[in-house]
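> Here it is: the structure, laid out below.
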Amino acid sequence: MGKQEGFGVGPSVRPHTMGIWMWGKPMMAKLPSGEPLSVIFLDTEGFAASNISETYDAKIFSVATLLSSYLIYNSVKIIDQGDIDYLELLARRTQLFALRSQMTKSKWFEEFNHDLLRFPPLVWVVQDFVQQTADEESPTEWLHQIMETSSREEGDYDINLLGIFDTVDCHTLFLPATKKHLLQDLSKATEEELTPEYKEERDRLTHKLKTGLVPKEKNGRPITGPELATLLEILVTAANEGSLAEIPGRWQVFIDQLQSSALEDCAAFYESDIHMLLSSYENSAVNETELLEWHYSSLDKATTLLKQLLFGLEEAIVEAVNGLNTTSTEKFEKIWDLNEKKIQLKCGEVQRQLELEAEEKLQVPVLPMKTHGLVREQEQVREACVTSYRDQVGHLRDNAAFERQLSQLQTGLRYIFGAVTLKNNVAMEELLHSSMNWHWKSSERGALTRTGYHAQLQPSRLLSRLPPAEPQWCLKRAVSLLMKKNSTNLFSVF
């Protein structure tokens, strides 16, 4: 200010300082102990320029920080959360860069410089500051309060620049001038043209810096000129060779977060849409063709929604769509497997229930009964069971379990029918034996006359109670039994 020598300040929006500028001639100063000290000033290009990447900013910050024994960080008007986040991001990248730089350079590796991993004191200077701090707190207290109350979405993450830098102080500067042409180029301003508030706060900052000066050290001792030159060469070479940790920029972080959030929301939409179908079936078994078609429809709707959320971000869309396909496929496979088990369970339940009903129906007729009547009754039961099975689980016919359980139902019915038929045959024999015994007991007592005997045991009456397919068998059976008792009476009857 008011000087034509020193680092320039450009009056336009274009950056004036490019990269890192070093003031060639050291300024001689004294430490509080009285020991002489050579002070070298560095000036860096401003951060977050429109044509500069965050990786470039990180290189500038890393080299300047690791070369310095005292770091001044400038911002304008206010400190916000974005400033703190960005400074912390740069500082953490610098930590990794410092370690990599030493480990890859044999010139410095002969004697590991632990002090290189120790950051210098930080003074955060807020220029053009006109606000009031709360409760008359100092600028440093204000900055610490911001860092303590700031939060991240991750609950276990603490933002703490105090854990990176030796100390963190804050100093504010009022407007240096009130005229536009002076504010555009302060090198033209005289001391008298500067505002009193600015001069007072500037002088306090100068005093703070002079009293806080410490030499750059290497393993506990002041660094020499040749060592500083070697360190500078190492840091610049390492920065240009890519030793700086690859950390995504804020825009990339935003894109990643947007992509992740969109993918999560669309996956939830897909799952919700699938469950609409399952709920319509009351979470019972669903037709496989319908379920598969619904899956493709839900995935298509979710993909369309995803593309709308990431409109214009082609790379993010491709990655997110692939992620959605993977996620939806995993979810659908679980739903499909569960539905498969539900189909098998449903078909099996219906099959067993119909078999029980068939047994109950065939217990109603009084045995013995005519064979053709029993066969007709069994056929009616079979048709009723098959029809009921198709009515209840016919919508599941696409699954192999449908035909498998239907086949088992028909097999089970055949076993049931066979058991009933056998029971009917036994009942026939019991009826025949009962009739024969009654006849012999009556004839021995002489209770029946020839006419009465003929009336009680005539073939038409006896055989009318037997199935039509059995009359010859019954006659032969009757003849065989009766001949053992009384052949005369038998032939007189038949």
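> First select every other residue whose beta carbon is under 13 angstrom from the beta carbon of V76; then total the charges, Lys and Arg +1, Asp and Glu -1.
Working: positive: K77; negative: D80, D83, D128.
Value of the local net charge: -2.
> Let me ask something else. Y56: net charge of surrounding residues, Cβ under 13 Å, Lys/Arg +1, Asp/Glu -1, itself excluded?
-1
> Next question. Which length gain, in nm to one decimal place, applies between K208 and E359 when the Cα-Cα distance is subtracted from 0.36 nm times their residue separation? Spell out each step's value before the answer.
Details: separation 151, 0.36 × 151 = 54.36 nm, distance 10.20 nm.
Result: 44.2 nm gained on full extension.
> With a Förster radius of 22 Å, plug the Cβ-Cβ distance of R414 and H372 into 1/(1 + (r/R0)^6) and report the FRET value to the nearest 0.05.
Details: r = 18 Å, r/R0 = 0.83.
For R414 and H372, the calculated efficiency is 0.75.
> Full extension from L232 to E148: what is 0.36 nm times the residue separation minus their Cα-Cα distance, to one decimal in nm?
Details: separation 84, 0.36 × 84 = 30.24 nm, distance 3.46 nm.
The span from L232 to E148 would gain 26.8 nm if fully extended.
> What distance in nm separates the simple spin-label points at E330 and L422, each placed 7 Å from Cα in the Cβ direction?
The answer from the label model is 5.5 nm.
> What spacing in nm lies between the two simple spin-label points modelled at K341 and T224, each 7 Å away from Cα in the Cβ direction?
About 7.7 nm separates the two model spin labels.
> Is there a pair in K25/K218; K59/K199; K307/K342; K77/K179; K25/K188; K59/K216 whose C-alpha atoms are over 26 Å apart, and which pairs would that be? Display every interim value, and only then the final one.
Details: K25/K218 22 Å; K59/K199 33 Å; K307/K342 35 Å; K77/K179 17 Å; K25/K188 23 Å; K59/K216 20 Å.
In this structure, K59/K199; K307/K342 exceed 26 Å between Cα atoms.
> Which GluC sites (Glu not before Pro) in the range 271-306 sit in a loop by DSSP (not H, G, I, E or B) and have at most 16 other Cβ atoms within 10 Å of their own Cβ? Present the calculation step by step, with values, prior to reporting the outcome.
On the way: sites: E271, E282, E288, E290, E293; in loops: E282.
Filter output for the range 271-306: E282.
> Provide the solvent-accessible area of I60, counting protein heavy atoms only and rolling a 1.4 Å probe, rounded to the nearest 10 Å².
Rounded to the nearest 10, that gives 20 Å².
> Here's something else I'd like to know. Can you compute the modelled spin-label distance between S53 and I78, with each label point 7 Å from Cα toward Cβ, in nm?
For the pair S53/I78, the computed spacing is 3.2 nm.
> Residues of the range 390-424 with amide nitrogen under 17 Å from the 7 Å Cα-to-Cβ point of E349?
Answer for the range 390-424: 390-397, 401-402, 405-406.
> Another one. Residue by residue, what Karplus-based ³J(HN,Hα) values in Hz, rounded to whole numbers, does the range 342-356 have, using 6.51, -1.76 and 1.60 with θ = phi - 60° and x for Gly and Pro?
5, 5, 4, 5, 5, 4, x, 5, 5, 4, 5, 5, 5, 5, 5
> Could you tally the net charge around L122, taking each other residue with its Cβ under 13 Å from the Cβ of L122, Lys/Arg +1 and Asp/Glu -1?
Details: positive: R118, K208; negative: D83, E88, D166, D169.
Around L122, the surrounding residues sum to -2.
The values are calculated or read from the model by the stated rules, or taken from the named source; none is laboratory data. Every value quoted in this text rests on a predicted model; they were computed, and no experiment measured them. Positions of Cβ are backbone-derived with ideal geometry, glycine not excepted, and every protein chain shown enters the neighbour counts. Only protein heavy atoms, including side chains, enter the accessible area calculation; ligands, DNA and RNA are left aside. Shrake-Rupley method; radii C 1.70, N 1.55, O 1.52, S 1.80 Å.
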